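See structure below.
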Amino acid sequence: EPEVTQTPSHQVTQMGQEVILRCVPISNHLYFYWYRQILGQKVEFLVSFYNNEISEKSEIFDDQFSVERPDGSNFTLKIRSTKLEDSAMYFCASRPASRYEQYFGPGTRLTVT
Amino acid sequence: AQSVTQPDIHITVSEGASLELRCNYSYGATPYLFWYVQSPGQGLQLLLKYFSGDTLVQGIKGFEAEFKRSQSSFNLRKPSVHWSDAAEYFCAVGEIAAGNKLTFGGGTRVLVKP
């Protein structure tokens, strides 16, 4: 069964550094998402992406964040200058055009020190 | 704005006993509703979904959920819990709009006693 994959599983970075989190969505899916879960808090929506552009973004998704689909398979989330409060589990999700259920990857745990 | 409330943060249940997890939502139109499960160290796995039609929906792993519009609820049930059901369970409402973002509840952590 196809799955969403994410790399790395755990990333440690210093405050102010740039990080890129990578996702490979399920191959025939057209809608892509990033969510995050700060330890002990709810899973929060960050951004949705369709047809090579952002469909919607939350207020968390400020100028420090960007997303890209650099080729036909990867979907990336970049944080330009990380802050301590960016420490969280980041989940990628995707869905096909014809259905509304989103399929999630295993997550990348980002630790900013 | 849509919101989801899961009133129970923790539930402890004996193996073989029944389980019911509560979920209340707030949404302006007919919602798309989902239950996801997260096992330790794992991602979010879709258990079941409701879009329309029959208000009792069946999912994977023997779970079912019932949509009650009058109560704005979508409670998850399982008749007989197995030790492997110990996990965190999230209810979510999906927006019927361009981004189709999901709004999650705070989760309910289920512990299973032998």
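The residue of region A:43-73 that is farthest from the other protein chains (Cβ to nearest Cβ), among those that are aliphatic (A, V, I, L, M) and either assigned to a strand (DSSP E or B) or touching a helix residue (DSSP H, G or I) at 6+ places or on another chain (Cβ under 8 Å) (or both), is A:V67.
Consider region A:68-98 and keep the residues that are of a type in the set (A, V, I, L, M) and under 26 Å from B:G106 (Cα atoms). The one that is farthest from the chain's Cα centre (by Cα) is A:L84. For the residues B:S52, B:S80, B:S70, the requirement of being more than 27 Å from A:Y90 (Cα to Cα), outside any strand (DSSP E or B), within 12 Å of another protein chain (Cβ to nearest Cβ) and open to solvent by 40 Å² or more (accessible area, probe 1.4 Å) singles out B:S52. Summed over region B:75-93, residues that are hydrophobic (A, V, I, L, M, F, W, C) and over 26 Å from A:G107 (Cα atoms) total 1.
The rows are residues; the columns are (1) out of contact with any Phe, Trp or Tyr (no Cβ under 8 Å at 6 or more places or on another chain); (2) in contact (Cβ under 8 Å) with a residue 12 or more places away in the chain.
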| position | (1), (2) |
| --- | --- |
| A:G40 | yes, no |
| A:F45 | no, yes |
| A:N51 | yes, yes |
| A:T82 | yes, yes |
| A:Y90 | no, yes |
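Scanning region A:74-93 for residues that are within 14 Å of another protein chain (Cβ to nearest Cβ) and either open to solvent by 40 Å² or more (accessible area, probe 1.4 Å) or touching a Cys at 6+ places or on another chain (Cβ under 8 Å) (or both) yields a single hit, A:C92. Residue under question is B:K113, and the condition is that it be touching a residue at least 40 places away in the same chain (Cβ under 8 Å), buried (at least 20 other Cβ atoms within 10 Å of the Cβ) and away from chain A (no Cβ under 12 Å); does it hold? The answer is no for B:K113.
The values are calculated or read from the model by the stated rules, or taken from the named source; none is laboratory data. On a predicted model such as this, the values are computed, not experimentally measured, just so you know. Cβ sites come from the backbone with ideal geometry, for glycine too, and all protein chains shown count toward neighbours. For accessibility, only protein heavy atoms count, side chains too; no ligands or nucleic acids. Shrake-Rupley method; radii C 1.70, N 1.55, O 1.52, S 1.80 Å.
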